[in-house]
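Here's the structure we're looking at; comments come further down.
The values are calculated or read from the model by the stated rules, or taken from the named source; none is laboratory data. Since we're looking at a predicted model, the values are computed, not measured. Reconstructed Cβ throughout: ideal geometry from the backbone, glycine too, with neighbour counts over all protein chains shown. Remember, those area values only see protein heavy atoms, side chains included, never the ligands or the DNA or RNA. Shrake-Rupley method; radii C 1.70, N 1.55, O 1.52, S 1.80 Å.
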Amino acid sequence: MKKHQKIQIFLFSVGLFLILLTYFYYPSFISKDKSVFDRSVKTEEKSYEEKEKKTTLEYVEYKGLYDFDKKFTVQAENAEIFDDEPDVVEMKKMHVVLYLDDGRVVNIRSNEGKYNKLTYDCWFWDNVIATDGETKILANNLDLLADKNFVSAYNDVFIDYTNGTLSADKLEYNFISKFFNVSMFDNAPVKMKVYRWVLEKDSES
């Protein structure tokens, strides 16, 4: 066989191999790679959907005890419980009631909030109003944590109490002892108005 014929056969074999590679193997490789991509996308979508799975409830109420012997209730007009956080209840029109030893009843309301069924912690935001009948607190946010003996209100806080009123960025208030601590985020002066009570005695005749 002549040399140029060998070269022609070699080139023909290479060309045939390239044709087979282009029309059969490469499309199969692309299809396989695409299926892997599709499975990846579906897995991500499934994970997102699973995270978003939730239970929606209306007019819920939870009851319990804090400090071992003090009753409380947590209510809401609407509630959602997500599968990835089953102990946390996200609430609309949230209302918490605390019953104190001296007979006073503390009511805390907000447009939105969260309640942890395991720790009894409560978080309120959006138009928060807390009162025991004597003292009234208004704020954008308020935290009621089971391991604290006070509520923490912050962001545009206003308190109306027996001796006056005050405005601050943050307020820590103990409904039992009636003591409070106020502060400003930028160390600005706290705005306070104190009432002066004047007692008059009947003059002796």
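Results, tabulated for the structure shown:
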read-out	value
Leu118, sole failed condition from (1) open to solvent by 70 Å² or more (accessible area, probe 1.4 Å); (2) closer than 19 Å to Phe179 by Cα	(2)
Among the candidates Thr135, Thr119, Thr162, residue that is at pLDDT below 95, of a type in the set (S, T, N, Q) and under 27 Å from Leu57 (Cα atoms)	Thr119
Top-ranked residue of the stretch 144-175 - restricted to ones that are within 14 Å of Leu98 (Cβ to Cβ) and buried (at least 17 other Cβ atoms within 10 Å of the Cβ), ranked as nearest to the chain's Cα centre (by Cα)	Leu144
